[in-house]
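To start, the structure itself, in structure tokens.
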Amino acid sequence: MQRFSALALLRGGLTGQRRWPVQWRSPDPQPAYDAVICGGGGHGLGTAYYLAAEHGLRRIAVLEKGWIGGGNTGRNTTIIRSNYLFDASAQLYDHALKLWESLSQTLNYNVMFSPRGVMMLAHSVHDVQVFKRHVHANRANGIDSEWLTAAQARAFCPALNAGDMRYPLLGATLQRRGGTARHDAVAWGYARGADALGVDILENCELTGIRLSDAGGVEAVETTRGLIRTPKLGVVAAGHTSVVMKMAGIDLPLESFPLQALVSEPVKPVFPCVVMSNTIHAYISQSDKGELVIGAGMDAYTSYTQRGALHVSAHALEAICELFPIFRRMRMMRNWGGIVDVTPDRSPIIAKTPVKGLYVNCGWGTGGFKATPGSANVFAWTIAHDEPHPINAPFTIERFRDGALIDEAAAAAVAH
Ligand SMILES: Cc1cc2nc3c(=O)[nH]c(=O)nc-3n(C[C@H](O)[C@H](O)[C@H](O)COP(=O)(O)OP(=O)(O)OC[C@H]3O[C@@H](n4cnc5c(N)ncnc54)[C@H](O)[C@@H]3O)c2cc1C
């Protein structure tokens, strides 16, 4: 595999950028694999990478019905943080954050992780109480989290409205280790790393059926590129997970909604951090290209269309203009949507299933990008060992039957 380094970049420049090798192969499907992953987003590609890198599996395929990273991985606003309320979530998301901190080095691929700080604004007494509870819970879990006064919040992000607001700024939480990363690069970096370890990445290959043996375990998958035999199938298909799992007779407590984002015209660096306002509902950061990256809300209705209603984006822009009056004259360049898979408690499922050899990783809803390395890492463990890693042990399907919910839905109005 080509190693990226300053010397390699220099050599590339001096040779007219003509000698860069292909970053991953485009193989034909083999008749059989030891493990198949359905879904070529960050979580699926990462799972294949860790299966090969940490668990020694070699005959692995990733099935992607479109192009890798073309799902929510390439459509999100890239906010990364780990300041979740519940112990189980804190463990999972901080496991991911620790992996983010060295991911570029691990993969020898610049995923542009930028820990510029994530600030969550409080606009009401209720917000203040809930957020302070988060800060205390986070600290008890060893996660960096601070409470800022309104003046401190404005000093950290000078673009914040200093005048009268419909919802006044009463303070904010800050996680300094949080930030952003380049989403495409995450998919590409994991794909390149997995490919170098022998994983076959099969794009334009849709899983259309799951065949079970007489004993009821996974035997093979039907795809648009032929039948593939495998004893282990990991499904990481985001908004389409319930559709795929139904092929094995499993009903999941998931609803799929469009979630939107939009970007502005690019401007010089003006916005130093990530800001989220759950109450007014807007979240914003600035990309390395200079665009303001703005997240809007979910549509009210379930759908599989990868675009949302206009009034939802308009509402997000109203909130941005209220919070940051300096952006009122900026023009928006593009908006798009992704299909997010939402569980009743807004926490993911990373688990074995009642079908032997079938594993599922889903329910990331509006906030799974930040979890990508951690989720992939523990899901690979689960598939390799046929039992959950201690970090994902609470994230079962059965919790919706038994009532052991991880109720981040009640803990935060927004889970990005
Ligand atoms: C607008 C928006 C903003 C967001 N903002 C944030 C944020 O700021 N921070 C954050 O943490 N999270 C955010 N998220 C959520 C985050 O993007 C997702 O939780 C995460 O990217 C999910 O990754 P994934 O790999 O599981 O799914 P995906 O990247 O969607 O990958 C699943 C893949 O499965 C493929 N697939 C589906 N069915 C089949 C099939 N039958 N056969 C083969 N392949 C199949 C799809 O084509 C897709 O590529 C946001 C999401 C959206 C839409």
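Annotation: GLU206 fulfils all but one of (1) within 12 Å of the ligand (Cβ to nearest atom); (2) under 26 Å from THR78 (Cβ atoms); (3) of a type in the set (Asp, Glu); the unmet one is (2). So SER375 clears everything in (1) within 12 Å of the ligand (Cβ to nearest atom); (2) touching a Cys at 6+ places or on another chain (Cβ under 7 Å); (3) of a type outside the set (Lys, Arg) except one condition, right? Which one? Failed condition: (2).
Within segment 305-356, the set of residues being within 11 Å of the ligand (Cβ to nearest atom), surrounded by 19 or more Cβ atoms within 10 Å (Cβ to Cβ) and within 18 Å of the chain's Cα centre (by Cα) comprises GLY337, GLY338, ILE339, VAL340, ASP341, VAL342, PRO348, ILE350.
Against the test of being surrounded by 16 or more Cβ atoms within 10 Å (Cβ to Cβ), in contact with a strand residue (DSSP E or B) (Cβ under 6 Å, 6 or more places away or on another chain) and in a strand (DSSP E or B), the options THR173, THR208 yield a single qualifying residue, THR173. Considering the conditions (1) more than 27 Å from GLY374 (Cβ to Cβ); (2) in contact with a Leu (Cβ under 7 Å, 6 or more places away or on another chain); (3) not basic (Lys, Arg), VAL342 is excluded by exactly one of them, (1). If only residues of segment 179-189 that are buried (at least 23 other Cβ atoms within 10 Å of the Cβ) and farther than 10 Å from GLY69 by Cα are counted, the one that is farthest from the ligand (Cβ to nearest atom) is GLY189. In segment 271-283, the residue that is surrounded by the fewest Cβ atoms within 10 Å (Cβ to Cβ) out of those that are more than 10 Å from the ligand (Cβ to nearest atom) and either farther than 27 Å from ALA309 by Cβ or aromatic (Phe, Trp, Tyr) (or both) is PRO272.
Each row is one residue, and each column tells you yes or no for (1) at positive phi; (2) surrounded by fewer than 23 Cβ atoms within 10 Å (Cβ to Cβ).
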{"position": "ALA191", "(1), (2)": "no, no"}
{"position": "GLU203", "(1), (2)": "no, yes"}
{"position": "ALA215", "(1), (2)": "no, yes"}
{"position": "VAL221", "(1), (2)": "no, no"}
{"position": "GLY226", "(1), (2)": "yes, yes"}
{"position": "MET245", "(1), (2)": "no, no"}
{"position": "GLY249", "(1), (2)": "yes, yes"}
{"position": "ALA261", "(1), (2)": "no, yes"}
{"position": "PRO269", "(1), (2)": "no, yes"}
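Among the numbered conditions (1) under 21 Å from PRO348 (Cα atoms); (2) aliphatic (A, V, I, L, M); (3) in a strand (DSSP E or B), the only one that ILE250 does not meet is (3).
Residue-by-condition table, conditions (1) more than 11 Å from the ligand (Cβ to nearest atom); (2) surrounded by fewer than 18 Cβ atoms within 10 Å (Cβ to Cβ); (3) within 14 Å of ALA191 (Cα to Cα):
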| position | (1), (2), (3) |
| --- | --- |
| ALA32 | yes, yes, no |
| GLY40 | no, no, yes |
| TYR49 | yes, no, yes |
| ARG81 | no, no, no |
| LEU103 | yes, no, yes |
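Within segment 151-169, the set of residues being over 16 Å from ALA319 (Cβ atoms) and at pLDDT below 95 comprises just one member, ALA162. Among the residues of segment 216-233, those identified as away from the ligand (no atom under 11 Å from the Cβ) and either outside any strand (DSSP E or B) or touching a helix residue (DSSP H, G or I) at 6+ places or on another chain (Cβ under 7 Å) (or both) are GLY216, GLY217, THR230, PRO231, LYS232. Among the residues of segment 151-175, just one is closer than 21 Å to ARG81 by Cβ and among the charged types (D, E, K, R), namely ARG154. Count of segment 23-63 residues, restricted to those that are in a loop (DSSP other than H, G, I, E, B) and closer than 14 Å to VAL235 by Cβ, is 3. For segment 118-125, state whether one or more residues are more than 15 Å from ASN377 (Cβ to Cβ) and surrounded by fewer than 20 Cβ atoms within 10 Å (Cβ to Cβ). The answer is yes; a qualifying residue exists. Confirm whether LYS246 is in contact (Cβ under 8 Å) with a residue 12 or more places away in the chain and more than 18 Å from the chain's Cα centre (by Cα). Here the answer is no, as LYS246 does not meet what is asked. What is the one condition in (1) within 11 Å of the ligand (Cβ to nearest atom); (2) at pLDDT below 95 that ARG58 does not satisfy? It is condition (1) that ARG58 fails.
A single member of ARG139, ARG133 is out of contact with any helix residue (DSSP H, G or I) (no Cβ under 8 Å at 6 or more places or on another chain), of a type outside the set (Gly, Ala, Ser) and in contact (Cβ under 8 Å) with a residue 12 or more places away in the chain, and it is ARG133.
The values are calculated or read from the model by the stated rules, or taken from the named source; none is laboratory data. Quick caveat: nothing in here was measured; it's all calculated off a predicted structure. Positions of Cβ are generated from backbone atoms using ideal geometry, with glycine treated the same way; all protein chains shown enter the neighbour counts.
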